[in-house]
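Asker: Please see the structure below; I have some questions.
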Amino acid sequence: MTTLALVPQQDKAPLKIRINRRGWAVLVGIPVFLLTIAAAFFFTMLTSSANASTDLPAGLETVEVTVIPGDTLWSLASEYAQGYEVNAAMNHIEELNAIDTGMLYAGDTINIPVLAN
């Protein structure tokens, strides 16, 4: 049998952590990299001059129409967009009014292009 003697008066030395070059690179490099990316992102957000426009393109004549129940893109394009091919007018109406689904809802107000006389 083995007997162990515990020494209660043993000095407790503080634990020393040693970091090598790779450790310092990771410890300092990752936060510096992340801060640089965040700073670049916020700088470009604050200095960007891009603005959305609510104006219609210059030189495009339109008529504003309020959609009533039963109206479709086809019916509005054939009625108001005289001089345009109906399919082209429908595409233009969708693009001009940012209609993604091709669906119109009663009460919506849309702009329909018309040819200048």
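Here, each number is a calculation from the coordinates, and none is a lab measurement. In this text, all values refer to a predicted model and were calculated from it rather than measured experimentally. Neighbour counts are summed over all protein chains in view; Cβ atoms, including those assigned to glycine, are modelled from backbone coordinates with ideal geometry.
Asker: Counting other C-beta atoms within 10 Å, which of E79, E64 has the fewest, and how do the rest follow?
Answerer: Ascending Cβ contact count within 10 Å gives the list E64, E79.
Asker: Ok, one more. Going by C-beta contacts inside 10 Å, put I112, I99 in order with the fewest on the left.
Answerer: Fewest-to-most ranking of I112, I99: I99, I112.
Asker: Give me D for the range 62-113 in µm² s⁻¹, whole number, from Stokes-Einstein with Rh from the Kirkwood sum over alpha-carbon pairs, 10 °C and 1.306 mPa s.
Answerer: Diffusion coefficient, whole number: 149 µm²/s.
Asker: Using Cβ contacts closer than 10 Å as the measure, can you line up V65, V32 from fewest to most? Can you show the working numbers first?
Answerer: Details: V65 17, V32 9.
In order of increasing Cβ crowding within 10 Å: V32, V65.
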